[in-house]
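Report on one structure; see the data block that follows.
The values are calculated or read from the model by the stated rules, or taken from the named source; none is laboratory data. Quick caveat, the model's predicted, so the values are computed rather than measured. Virtual Cβ from ideal backbone geometry, glycine too; neighbours counted across all protein chains shown.
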């Protein structure tokens, strides 16, 4: 098994206004799937036991903001629903592709004196993730 570099990442945000590429100036991208657990411990149980319940997930993007970069900020307005298409190894045929329905939580900015402006956005999963290949 061989490792690969994060620089191969491909991320698209598909929403009602079109499709924007989020990987051009990214610094980091993360996706964290999760699941809700239901406590089923009762009576004389000596150990806690759980049932697997509803799946969920969150994604987070950090990127360098470009001058006049309103297309991305307009696409990431808080509450915007869409789909993240994520290719951790790029878009080459046969490589992993995650399709994640999500809601954008809004474009955030970190503006520091004498440094680049950083844009970040969190996404909350809004349905079932699909794992396929390009």
Qualifying residues in the stretch 49-59 (those that are over 19 Å from the mean Cα position of the chain (by Cα) and surrounded by 10 or more Cβ atoms within 10 Å (Cβ to Cβ)) - the one nearest to residue 86 (Cα to Cα): 53
Given (1) in contact with a helix residue (DSSP H, G or I) (Cβ under 9 Å, 6 or more places away or on another chain); (2) on the phi < 0 side of the Ramachandran plot; (3) modelled with pLDDT under 95, index of the condition residue 104 fails: (3)
Unique residue being over 12 Å from the mean Cα position of the chain (by Cα) and either assigned to a helix (DSSP H, G or I) or buried (at least 16 other Cβ atoms within 10 Å of the Cβ) (or both) when the list is 46, 67, 71, 42: 71
Tally of residues being out of contact with any strand residue (DSSP E or B) (no Cβ under 8 Å at 6 or more places or on another chain) and surrounded by fewer than 10 Cβ atoms within 10 Å (Cβ to Cβ) across the stretch 1-39: 5
The stretch 74-105, residues that are farther than 24 Å from residue 134 by Cβ, in contact with a strand residue (DSSP E or B) (Cβ under 6 Å, 6 or more places away or on another chain) and not in a loop (DSSP other than H, G, I, E, B): 103, 105
Which listed residue, of 52, 11, 35, 20, is assigned to a strand (DSSP E or B) and in contact with a helix residue (DSSP H, G or I) (Cβ under 8 Å, 6 or more places away or on another chain): 20
Inter-residue pairs, beta-carbon under 8 Å, first free of Cβ contacts under 8 Å to residues at least 40 places away in the same chain and in the stretch 16-27, second part of a loop (DSSP other than H, G, I, E, B) and surrounded by 12 or more Cβ atoms within 10 Å (Cβ to Cβ), 6+ apart: 23/9; 26/9
Qualifying residue in the stretch 116-125 (condition: part of a loop (DSSP other than H, G, I, E, B) and either within 16 Å of residue 10 (Cα to Cα) or modelled with pLDDT of 95 or more (or both)): no
Which numbered condition residue 62 misses (of (1) surrounded by 14 or more Cβ atoms within 10 Å (Cβ to Cβ); (2) free of Cβ contacts under 8 Å to residues at least 12 places away in the same chain): (2)
